[in-house]
Amino acid sequence: MKIQQLRNATIIVEFGQHRVLVDPMLARQGALPPLRLFGARQRNPLVELPVGARAALESVTHCLITHCQKGHFDHLDGAGTKWLRERQIPVICTPHDASYLRQRGLNVQALLPAHEHPGPFLGGRIRTIRCTHGRGLVGRLMEHGVGFLIEMPGEPSLYLAGDTLLTNAVRACVREHRPAVSVVPAGGARFDLGGDIIMGIDEVIEFAQLSGAAVVANHLEAISHCPVSRLALAEAASCAQVELLIPQDGQVLEF
């Protein structure tokens, strides 16, 4: 299994002949609006796609979406939608997102509606894991989405956590299923009011300690409301004596 970090939460996962694009944000640097009214008001994304990203995208066979509604352009933006629509790439998503994506002309393949129970996925199986994308008032306004636990024959099991804080549901997934590889959001995103809406440094360190397996941290240094840097996360992991994989944009990890 290979995972290529493109930018933010956008990755390509290679399982045998399948190359699955996850949560595509494909816009040019600065083409999308800010996500805060005060403070860090830079337009998004903060960086361009890495060199070679467009070539890597040409081999994509499927797309997987964790969440995309209520303004979540950092997981599916207009450029990503256009790219998927023009190529009619099969887009795998929850039933909740299926009609929303069909209305945009995408080739949707909705997962079975059962929550947290495995269903078929490209010759293997997949299950959804609940996300908590913020708490309190912010949490009530957010689109929470799901994470995915993917098990493919002959490949390491993979947990794509999606946009979530470290919750009891996430801990239970790790304890029960012991994924061999986990990809977690680490940017500590927050708006002007309220707390973090995805994991930050402390929760990523705790997740890695709980996992005891390979943990890939992304959702870093690409969106204006994510203050955590790769360097700060690496320093914290070193101090805590836990191993984290923190890929640069464009980097390929092999498992």
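Here are ARG28, ARG19: which of them is of a type in the set (Lys, Arg) and either closer than 12 Å to ARG7 by Cα or assigned to a loop (DSSP other than H, G, I, E, B) (or both)?
Only one candidate qualifies: ARG28.
At least 1 residues that are in contact (Cβ under 8 Å) with a residue 60 or more places away in the chain and farther than 24 Å from ILE197 by Cα in each: list the helices (runs of 4 or more DSSP H) lying fully within region 52-123 that qualify.
Details: elements: 53-57, 78-87, 95-102.
In region 52-123, 53-57, 78-87 are the helices (runs of 4 or more DSSP H) which contain 1 or more residues that are in contact (Cβ under 8 Å) with a residue 60 or more places away in the chain and farther than 24 Å from ILE197 by Cα.
In region 74-102, how many are open to solvent by 30 Å² or more (accessible area, probe 1.4 Å) and either farther than 22 Å from PRO118 by Cα or in contact with a Phe, Trp or Tyr (Cβ under 6 Å, 6 or more places away or on another chain) (or both)?
As a first pass, look at region 74-102 and keep what is open to solvent by 30 Å² or more (accessible area, probe 1.4 Å): 78-79, 82, 85-88, 95-96, 99-100, 102.
If we keep only those that are either farther than 22 Å from PRO118 by Cα or in contact with a Phe, Trp or Tyr (Cβ under 6 Å, 6 or more places away or on another chain) (or both) too, we end up with 78-79, 82, 85-88, 100, 102.
Number of matching residues: 9.
Considering region 150-200 alone, what residues qualify as being part of a loop (DSSP other than H, G, I, E, B), surrounded by 21 or more Cβ atoms within 10 Å (Cβ to Cβ) and out of contact with any Gly (no Cβ under 9 Å at 6 or more places or on another chain)?
Once the filter is applied, which keeps residues that are part of a loop (DSSP other than H, G, I, E, B), surrounded by 21 or more Cβ atoms within 10 Å (Cβ to Cβ) and out of contact with any Gly (no Cβ under 9 Å at 6 or more places or on another chain), region 150-200 yields LEU166, PRO179.
Only one of these conditions is not met by ARG127: (1) open to solvent by 40 Å² or more (accessible area, probe 1.4 Å); (2) assigned to a strand (DSSP E or B); (3) not aliphatic (A, V, I, L, M). Which number is it?
With respect to (1) open to solvent by 40 Å² or more (accessible area, probe 1.4 Å); (2) assigned to a strand (DSSP E or B); (3) not aliphatic (A, V, I, L, M), ARG127 is out only on (1).
Quick test for you: out of GLY154, GLY147, pick the one residue that is in contact (Cβ under 8 Å) with a residue 24 or more places away in the chain and under 13 Å from the mean Cα position of the chain (by Cα). Walk me through how you get there before you give the answer.
Numbers: GLY154 fails: under 13 Å from the mean Cα position of the chain (by Cα).
Within the list GLY154, GLY147, the selection yields GLY147.
Go through region 166-221 and give me each residue that's among the hydrophobic types (A, V, I, L, M, F, W, C), in contact with a Lys or Arg (Cβ under 7 Å, 6 or more places away or on another chain) and more than 15 Å from LEU245 (Cβ to Cβ).
Those that are among the hydrophobic types (A, V, I, L, M, F, W, C), in contact with a Lys or Arg (Cβ under 7 Å, 6 or more places away or on another chain) and more than 15 Å from LEU245 (Cβ to Cβ): ALA169, PHE191, ILE197, LEU210.
Of all residues in region 210-255 being in contact with a Gly (Cβ under 7 Å, 6 or more places away or on another chain) and surrounded by fewer than 20 Cβ atoms within 10 Å (Cβ to Cβ), which is nearest to LEU193 (Cα to Cα)?
PRO227
The values are calculated or read from the model by the stated rules, or taken from the named source; none is laboratory data. All figures in this text were calculated on a predicted structure; none of them were measured in a lab. All Cβ positions, glycine included, derive from the backbone under ideal geometry; neighbour counts span all protein chains shown. To get the accessible areas, we keep the full protein, side chains included, count just its heavy atoms, and leave off ligands, DNA and RNA. Shrake-Rupley method; radii C 1.70, N 1.55, O 1.52, S 1.80 Å.
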